[in-house]
Amino acid sequence: MKIIEAENLTKTFNGFTAVNGVNFHINRGEIFGFLGPNGAGKTTIINMLTGLAKITAGQVKLLGEDYTRSVKKAQALMGIVPDESNLYEELSGRENLCFCGALYGMEKGLREARADRLLEQFELVEAAGRPFRAYSKGMKRKLAIAAGIIHQPEILFLDEPTTGIDVGFARQIRKLIVDLHRRGTTIFLTTHYIEEAERLCERLAFIVRGKIVREGTVDELMKEAQRDNIVRFTLGGDFSGLAGEFKARFPGYAIQAGQDSGVSIHAPAPFPLLPLVQFFEERSLPVYEAKIVRPSLEEVFVKITGIEPQKMQNQQGPKSMKGPQGARS
Amino acid sequence: MKAWIAFGNIFMKDMRSYYLKPPNISWGLIFPIAWTLMFFLRSPVPLEVRDLLPGVMSLSILFGTTSMLAVTITFERKSRSFDRLLLAPISLNLLMLAKTTGAIMFGVINAFVPILFASFLTDLSGINWPLVLGSVIFIAITSTFLGLFVAVSVSQVFEAQTFSNFFRFPMLFLCGLFIPVADLPVFIRPLSYILPLTYGADILKTAVNNNGVLSLSLSFLMLLLFTAFLFSYSIYNVNRRWIL
Ligand SMILES: Nc1ncnc2c1ncn2[C@@H]1O[C@H](COP(=O)(O)OP(=O)(O)O)[C@@H](O)[C@H]1O
Ligand SMILES: [Mg+2]
């Protein structure tokens, strides 16, 4: 079931086309992501979908209903976490959550109970009474996410959820996102971190200069860049002496011996593994592992967009941020 | 119902965050007290106090309300928390009413500070209190929406203050508060009649001293028109400038 659909969505700012006729949809229960460099139009699209920017052309639908001209009813079903905090500095964490709940018409008892539950889930109980201005950047982002879901929206928009956040908090936030997804929240996130997109999103769209250049599940996108079928074997002995014999036996395959006791087999089409395993076994080379080698999403992204990953955050963002490396959990 | 929960909480948050904060309470009171002292203490004849009362009340409301909106709206816009409100599922009209109700009440309270002072200095008998209350509320609404009009037309808090003064100070002289409009040079008089406070002050004069010069219904009608214009223009401006 499609929660959000955008058709031909276009945005111009005084003649400059920031978003150029994009089409996409978000299915219920999935994490859908926009991956693209700074200035690609990600935030502008979120703003159009959520009512913070006017739609120049095209249309948007929520649960099949067009809301291009009247966003207010649709907003009740949306949770929005902007790239920069928009909570109240002078209110405490808990007060901010309760206030946000009230904006969606939640009764006092309900919003307070839900705020307390979220503070616990997001490990912010200790900081709950402190004013928001005293929070660290990472805590602010976590609270902003909690504020985004207090009214249990149909869809949660996360604009660059880990940008500008230090590694430890970024990891926590990614875990929270996965957790929310497991509990059934539909999530639309934008990022310029390739690894983050690969790790979190089920479906992705690459967006460059206001256009979606490719869209699909992570697997589908990977397949595009797959030049060859590659299987890498980890063997219990030295393969180097057997190369000639191997070529004679499997003429269609290319081989590439690794540094250690590994060897990669390349073939133009998928191939059966058993004969290969038998070949090694017969020559007293036990096979410990056979692994299909896929291209990384990074390769795919570079191939399709022609943008090098290090150019992704050129225009803004602290230099010290190196993306989500080291945040693998 | 849901929208009213949002309305009430936006209003209450502003009350707690701005209006009930000690610096703002004193700030809010400084204007009326300053005006009151400035005019009343200078006039030794008790009767003159009553003559000045409508003008002082009007100014207290005007300065009290317009200065608050620079904070509750322009400042929140700048700190992005106003976006949070724009993303909420309540209509822009209701949102703006929620953001201005506090200022309107603040203005009404401001108006009674001079009355309190005056009650020690002179005899307040014979005042048409219902009419005083009605006009005070109307002036508070119109002034608040004038503040709103300014607050949504600028981007910086200091611009809001400067721009407000552009309206406020001329009103001091042109609205017949202390100099009757009839005594102004003929070519300036039309200006008086395009300023909302002229009408509000005139109603107050009628209520306090029964010496207003315009008909009550005309004055109320004019205030109503100003209110409607300022509010709808403000909404239009928010739509145009803040929802890009
Ligand atoms: N209010 C605006 N006025 C003019 N140009 C804008 C405005 N907002 C965004 N843009 C431009 O639109 C493009 C897309 O911006 P944005 O959506 O913020 O990109 P992203 O979120 O992908 O980094 C950029 O070139 C940006 O400069
Ligand atoms: Mg952005």
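If we keep just the residues of segment B:1-16 that are at the interface with chain A (Cβ under 8 Å from one of its Cβ atoms) and of a type in the set (Lys, Arg), which is surrounded by the fewest Cβ atoms within 10 Å (Cβ to Cβ)? So the residue we want is B:Lys2. Quick check on my filter: what residues within segment A:121-146 are on the phi > 0 side of the Ramachandran plot and surrounded by 15 or more Cβ atoms within 10 Å (Cβ to Cβ)? Within segment A:121-146, no residue meets the criteria. When restricted to residues that are within 14 Å of another protein chain (Cβ to nearest Cβ), part of a helix (DSSP H, G or I) and surrounded by 19 or more Cβ atoms within 10 Å (Cβ to Cβ), segment A:85-113 contains 11. Please pick out the residue among B:Ile127, B:Ile139, B:Ile73 that is in a helix (DSSP H, G or I) and more than 15 Å from the chain's Cα centre (by Cα). The unique qualifying residue is B:Ile73. In segment A:33-44, the residues that are within 14 Å of chain B (Cβ to nearest Cβ) reach residues that are near ligand 2 (Cβ under 8 Å from one of its atoms) and of a type in the set (D, E, K, R) with C-beta atoms within less than 9 angstrom, at least six apart or across chains, in these pairs: A:Thr43/A:Asp83; A:Thr43/A:Asp159; A:Thr43/A:Glu160. Can you find even one residue in segment B:236-244 that is within 16 Å of ligand 2 (Cβ to nearest atom), within 14 Å of another protein chain (Cβ to nearest Cβ) and hydrophobic (A, V, I, L, M, F, W, C)? Taking every residue of segment B:236-244 in turn, at least one turns out to be within 16 Å of ligand 2 (Cβ to nearest atom), within 14 Å of another protein chain (Cβ to nearest Cβ) and hydrophobic (A, V, I, L, M, F, W, C).
Going through segment B:207-218 one residue at a time, which ones are out of contact with any Pro (no Cβ under 6 Å at 6 or more places or on another chain), surrounded by 14 or more Cβ atoms within 10 Å (Cβ to Cβ) and either of a type in the set (A, V, I, L, M) or at pLDDT 95 or above (or both)? The answer is B:Ala207, B:Leu214, B:Leu216.
If only one of B:Ile137, B:Ile127 is under 28 Å from B:Leu37 (Cα atoms), surrounded by fewer than 20 Cβ atoms within 10 Å (Cβ to Cβ) and modelled with pLDDT of 95 or more, which one is it?
None of the others qualify; the one that does is B:Ile137.
If you go through segment A:39-71 and keep only what is away from ligand 1 (no atom under 16 Å from the Cβ), under 20 Å from B:Leu92 (Cβ atoms) and assigned to a loop (DSSP other than H, G, I, E, B), you end up with A:Tyr67, A:Thr68, A:Arg69, A:Ser70, A:Val71.
Can you find even one residue in segment B:220-230 that is farther than 26 Å from B:Ser91 by Cα and in contact (Cβ under 8 Å) with a residue 12 or more places away in the chain? Scanning segment B:220-230 turns up at least one residue that is farther than 26 Å from B:Ser91 by Cα and in contact (Cβ under 8 Å) with a residue 12 or more places away in the chain. Residues of segment A:46-96 that are within 16 Å of ligand 2 (Cβ to nearest atom) and touching a residue at least 60 places away in the same chain (Cβ under 8 Å): A:Ile46, A:Leu49, A:Thr50, A:Ile80, A:Val81, A:Pro82, A:Asp83. Inspect all residues belonging to segment A:17-32 and state whether any of them is more than 12 Å from every other protein chain (Cβ to nearest Cβ), touching a Phe, Trp or Tyr at 6+ places or on another chain (Cβ under 6 Å) and within 12 Å of ligand 1 (Cβ to nearest atom). Checked against the condition, which is being more than 12 Å from every other protein chain (Cβ to nearest Cβ), touching a Phe, Trp or Tyr at 6+ places or on another chain (Cβ under 6 Å) and within 12 Å of ligand 1 (Cβ to nearest atom), segment A:17-32 yields no hits at all. Of the numbered conditions (1) more than 16 Å from ligand 1 (Cβ to nearest atom); (2) closer than 30 Å to A:Ser136 by Cα, A:Phe239 satisfies every one except a single condition; which is it? The single condition A:Phe239 does not satisfy is (2). If you take the residues of segment A:151-164 that are within 12 Å of chain B (Cβ to nearest Cβ) and farther than 16 Å from A:Leu200 by Cα, which of them is nearest to ligand 1 (Cβ to nearest atom)? Going through the qualifying residues, I end up with A:Pro153.
Yes/no matrix, rows are residues, columns are (1) polar (S, T, N, Q); (2) touching an Asp or Glu at 6+ places or on another chain (Cβ under 6 Å); (3) within 16 Å of ligand 1 (Cβ to nearest atom):
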{"residue": "A:Gln226", "(1), (2), (3)": "yes, no, no"}
{"residue": "A:Phe246", "(1), (2), (3)": "no, no, no"}
{"residue": "A:Phe250", "(1), (2), (3)": "no, no, no"}
{"residue": "A:Tyr253", "(1), (2), (3)": "no, no, no"}
{"residue": "A:Ser261", "(1), (2), (3)": "yes, no, no"}
{"residue": "A:His266", "(1), (2), (3)": "no, yes, no"}
{"residue": "A:Ala269", "(1), (2), (3)": "no, no, no"}
{"residue": "A:Val277", "(1), (2), (3)": "no, no, no"}
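In segment A:22-41, of all residues being buried (at least 16 other Cβ atoms within 10 Å of the Cβ) and either in contact with a Leu (Cβ under 9 Å, 6 or more places away or on another chain) or not assigned by TED's automatic domain parsing to the domain that holds A:Leu62 (or both), the one that is farthest from A:Leu189 (Cα to Cα) corresponds to A:Val22. Restricting segment A:72-84 to residues that are part of a loop (DSSP other than H, G, I, E, B), at the interface with chain B (Cβ under 8 Å from one of its Cβ atoms) and at pLDDT 95 or above, the residue that is surrounded by the fewest Cβ atoms within 10 Å (Cβ to Cβ) is A:Ala76. Looking at A:Leu156, A:Leu176, A:Leu143, just one residue is part of a strand (DSSP E or B), closer than 18 Å to A:Gln121 by Cα and more than 16 Å from ligand 2 (Cβ to nearest atom), and that residue is A:Leu156. The condition (being in a helix (DSSP H, G or I) and over 30 Å from B:Ile179 (Cβ atoms)) is satisfied by just one residue among B:Ser58, B:Ser17: B:Ser17. For segment A:165-214, residues that are within 13 Å of ligand 1 (Cβ to nearest atom) and charged (D, E, K, R) total 2.
The values are calculated or read from the model by the stated rules, or taken from the named source; none is laboratory data. What you see is a predicted model, and the numbers here were worked out from it, not measured in a lab. Positions of Cβ are backbone-derived with ideal geometry, glycine not excepted, and every protein chain shown enters the neighbour counts.
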